[in-house]
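These notes concern the structure reproduced below.
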Protein chains: 2
Amino acid sequence: MRLPKHIGIIPDGNRRWAVREGMEKADGYDHGISPGMELYRMCCEMGIEEMTFYGFTVDNTKRPSAQRQAFTKACVAAVEELSREDASLLVLGNTNSAVFPAELLPYTIRHDFGKGGMKINFLVNYSWQWDLGLKNGIIGPCLKTKEVPRIDLIIRWGGRSRLSGFLPVQSVYSDLYVVEDYWPDFKREHVEAALAWYDAQDVTLGG
Amino acid sequence: MRLPKHIGIIPDGNRRWAVREGMEKADGYDHGISPGMELYRMCCEMGIEEMTFYGFTVDNTKRPSAQRQAFTKACVAAVEELSREDASLLVLGNTNSAVFPAELLPYTIRHDFGKGGMKINFLVNYSWQWDLGLKNGIIGPCLKTKEVPRIDLIIRWGGRSRLSGFLPVQSVYSDLYVVEDYWPDFKREHVEAALAWYDAQDVTLGG
């Protein structure tokens, strides 16, 4: 089976899941941490070389404060859990902002944890405008995420078929697979189906 | 029904269609012109404000010469047909190249044809690297397509769920709808289904 080298993860649907379960929207994020760890371990076992997780974005921070606090806390917890595994871990996002969690500043330089191994990029307070250096219609001079390579497969949970600002340059040739289930309803079968689908796609890189 | 203001069109599958019909791959493109005109007229009737067509890309020009000539000819014919309708028409792409068709140079400045009306952007010898001004890891200073606004809905024919380099910045929040049929098998029902699906999506612009 042809496996993707680099998988992007858009873990959407935490709030809709919480509402369905009779909880407050903000309560959904806490239920997104253990799916992330299960996904990470599954991809490690399969030998996936690199993963990029869409933590939270600058756009997301305009939500009510209880939600902002909840998804920030969940991202901090996820990065800290990953740092106790074997991984080469990097957090990327706009650190020049009061909403960037101080606990994650040490992770904005790549470090090997445990035995190192899979590269993990975790986007925190990310925005495509920040990434492109967009200001008054001018972009550049570099991508802020230039050390993140092309993404082969993006898996998005929660039924939406869109990128929502996720790494526009690294996604130009990505195959996008949409899982209808919400992220906290993560199942290994979602990933197995995504990988089987990816294996059936051709690779043309636009050619 | 909530209609998209700006629709992006990725008319993929011309070569697979030709092979299925027992033709040479290059023969498929000629069969993609009349679907485009039917789609344009359909969107005009519905009052869609703007459409962007993925003509051909710099990546595509690496294909065998018979194919390159065939898709270039089809794009020239499509732009010339559109210029006989009511439209505000602009061709965008890398004109500093021998493969950019000279016949289309006059269209690289926006003109109103007929009564004007729907804005049409037609990408010819386009590449995302050209658009971003990417050279040796440096981008900018501006998007070459900066006058093309955000795209609400992208409809891609031919079954692939990817952007293939299509306007990465204008696509950051786009909903992507995939039609399994090949582009020369265009049916109005494809667009009706895409618009009904789009109407059922929420608009968050990443928020």
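The values are calculated or read from the model by the stated rules, or taken from the named source; none is laboratory data. Predicted model, so just to flag it, every value in this text is computed and none were measured. A quick note on method: Cβ atoms are made from the backbone with ideal geometry, for glycine too, and the neighbour counts reach across all protein chains shown. Note: areas computed on protein heavy atoms with side chains; ligands, DNA, RNA excluded. Shrake-Rupley method; radii C 1.70, N 1.55, O 1.52, S 1.80 Å.
Mean projected area of the convex hull spanned by the Cα atoms of the protein assembly as shown, taken over all viewing directions: 20.5 nm². How many angstrom separate the Cα center of segment A:62-83 from the Cα center of segment B:50-121? If we compute the Cα centre of each part, the gap is 46 Å.
Distances, shortest first, from the label point of B:K73 to those at the same position in the other copies read 6.6 nm; the point lies 7 Å along Cα to C-beta.
Exceedance of the 20 Å cut-off in Cα-Cα distance is limited, within the set A:K115/A:K146; B:K119/B:K144; A:K146/B:K62; B:K5/B:K146, to A:K115/A:K146; A:K146/B:K62.
Ranking B:V91, B:L176, B:M118 by how far each Cα lies toward the positive end of the dipole of the protein assembly as shown (charges on Cβ) leaves B:V91 at the top. The mean sequence separation of alpha-carbon pairs under 8 Å and at least six residues apart, normalised by the residue count of segment B:1-147, gives a relative contact order of 24 percent.
Distances, shortest first, from the label point of B:R20 to those at the same position in the other copies read 3.4 nm; the point lies 7 Å along Cα to C-beta. With a 1.4 Å probe and every protein chain left in place, tell me how much accessible area A:W17 has, in Å² to the nearest 10. In the full protein context, A:W17 sits at about 20 Å².
Chain A and chain B together bury an accessible surface of about 2900 square angstrom, both sides counted, with a 1.4 Å probe and no ligands or nucleic acids included. Distance from the axis that maps chain A onto chain B is least for the Cβ of the chain A residue given, with the whole Å value, as A:G140, 1.
How much FRET efficiency would the formula 1/(1 + (r/R0)^6) give for B:K135 and B:D181, where r is the Cβ-Cβ distance and R0 is 41 Å, rounded to 0.05?
Values: r = 38 Å, r/R0 = 0.94.
The calculated FRET efficiency here is 0.60.
Put a plus charge on the Cβ of each Lys and Arg, a minus charge on the Cβ of each Asp and Glu, and nothing anywhere else: the dipole of the protein assembly as shown about its Cα centre is then about 1000 debye. For segment B:5-106, applying the loop criterion from DSSP together with a ceiling of 10 other beta carbons within 10 Å to the trypsin sites (Lys or Arg not before Pro) yields B:R84. The convex hull defined by the C-alpha atoms of chain B has an orientation-averaged projected area of 11.9 nm².
The fraction of accessible area contributed by carbon and sulfur in segment A:6-199 is 49 percent, rounded to a whole number (1.4 Å probe; ligands and nucleic acids excluded). Across the identical copies, the label point of B:G116 (7 Å from Cα in the Cβ direction) is separated from its matches by 6.1 nm, in order from shortest. The P(r) of segment A:1-118 has a tail past 16 Å containing 62 percent of all C-alpha pairs.
Simple rule: put +1 on each Lys or Arg Cβ and -1 on each Asp or Glu Cβ in chain A, find the dipole, and look at A:P35, A:T72, A:G140; the Cα lying farthest toward the positive end is A:G140. Placing +1 on the Cβ of every Lys and Arg and -1 on the Cβ of every Asp and Glu, with nothing else charged, gives segment B:6-199 a dipole about its Cα centre of roughly 800 debye. Of the residues in segment B:149-169, those shielded by at least 30 Å² of accessible area once partner protein chains are present, compared with the chain alone at a 1.4 Å probe, are B:R160, B:S161, B:R162, B:L163, B:S164, B:P168, B:V169.
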